[in-house]
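Visitor: Right, I'll just put the structure down here and ask away after.
The values are calculated or read from the model by the stated rules, or taken from the named source; none is laboratory data. Please read all numbers here as calculations on a predicted model, not as lab measurements. In case anyone asks, the SASA skips ligands and DNA or RNA and just uses the protein heavy atoms, side chains included. Shrake-Rupley method; radii C 1.70, N 1.55, O 1.52, S 1.80 Å.
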Amino acid sequence: MRRTASRVLLALLVTVLATAAAPAYAADDADVVCRITDERLAEISGITWSAKHDGVWWVHADSGNGPYVYALDGTTCDVLARVRVSNIDARDLEAIGTGVDPQGRKVLWLADIGDNRDSWPEVRLHAILEPSRLVDQQVRATTYRFSYPDQPHNAEAILVSPTSAEVWVVTKQLARGAVYRVPLSTSGVATAKRVGEVGGLVTDAAMAPDGSRFVIRDYFAAKLFDAPVSAASLKAGTPVALPDQPQGEAVSFTRDGSALVAASEGDDRLLRVPVEAAASPTPSGSSSSADPSPTSTSSPAGPSDDGPGALRLGLAAFAVLLAGAGVVVASRRMRH
């Protein structure tokens, strides 16, 4: 019965989020780069730019699809290579980023940080050398284990410095998440350090290739922040209107930093959003006569802290609570 109730609640949650997430950016205005037809990538959960191959994206699928990353042609969306990470178990891979390891080598960071029950005593970051050749191959990762200073958290997003061995994890809570800096050590389980707060339901994040700014997204929208990653910078985000997506879970900067690319589960489009054009708190189709400040610091900043995004999240949270109560009542009735 518990398993059935959980499935019912999950279905209700997805329905509520999809209904509450009115598009903040007209889908017809989105720049569709290409369409992903490979069935192995029907549930993209993370995307990042390639430091070694111009015009290539590295992506991975959602949990349960194995320890694989894929090289994607940035023009056609064709899969150029599948890379298997042979020495990890891929418990719940949720994010990928382009950066360097403590030895200064160009690596892809894979984050095994998903924890839907908030129960894992430790989670993991894996660093793999970015392949020089785009062919199907097998590689090994260096693993960095860490825990949170307060309690286990579910997370789906990481920020990776492109020039130094620094990684931050962004947790995913319903109302509000947090950013944690992860000390990188292979000698034991490190304790992450809390940096600041963000909005709720964060599904991905990315650092610009020049390290000057970063983006954090949720299911509905995103925010741009100036680097470095700090409590102060997290309070001064600029809203970004993203195209409507059924379950937006992936975002990255283009290699030149001029635009964002976004992907979603249940959507075969790879979407491009110019950063300057997207950085507007006014949803498509609404009045733009007001001149909202992009750097308000009245509250901790996150992807959906103000305006329609906050309203959608609030409605979703309220509906989920009602759905949960309904499942509990139904469960009790079925016991009698």
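Visitor: Using the Cα atoms of segment 115-167 to build a convex hull, what is its mean projected area in square nanometres?
Guide: Answer in nm², one decimal: 5.2.
Visitor: Quick one: 3J(HN,Hα) in Hz for segment 268-275, Karplus 6.51/-1.76/1.60 with θ = phi - 60°, rounded, Gly and Pro as x.
Guide: Those phi angles translate into 7, 7, 9, 10, 10, 10, x, 4 Hz.
Visitor: With N set to the number of residues, divide the alpha-carbon radius of gyration of segment 139-289 by 2.2 N^0.38 Å and report two decimals.
Guide: 1.06
Visitor: Report the normalised scattering of segment 111-221 as log10 I(q)/I(0) at q = 0.10, 0.12, 0.16, 0.20 Å⁻¹, calculated by the Debye formula with identical scatterers on the alpha carbons.
Guide: Once normalised to I(0) and log-transformed, intensities are -0.30, -0.43, -0.76, -1.11.
Visitor: For segment 65-70, in order, what is each residue's ³J(HN,Hα) by Karplus, 6.51 cos²θ - 1.76 cosθ + 1.60 with θ = phi - 60°, in whole Hz (x at glycine and Pro)?
Guide: Per residue, the Karplus-derived 3J(HN,Hα) values read 9, x, x, 10, 10, 10 Hz.
Visitor: Please pull out the direction-averaged projected area of segment 162-235, using the convex hull of its alpha-carbon atoms, in nm² to one decimal place. If you can, show how the numbers build up before the last one.
Guide: Numbers: hull surface 20.7 nm².
Here the figure is 5.2 nm², rounded to one decimal.
Visitor: If you take the Cα Rg of segment 47-125 and divide it by 2.2 N^0.38 Å, with N the number of residues, what do you get?
Guide: 1.15
Visitor: Leaving out ligands and nucleic acids, and using a 1.4 Å probe, what accessible area per residue does segment 93-237 come to in Å²? Walk me through the intermediate numbers first.
Guide: Values: 5440 Å² over 145 residues.
On a per-residue basis, 38 Å².
Visitor: Under 21 Å from the Cα of K193, which lysines turn up, not counting those fewer than eight places away in the same chain?
Guide: The qualifying lysines are K172, K235.
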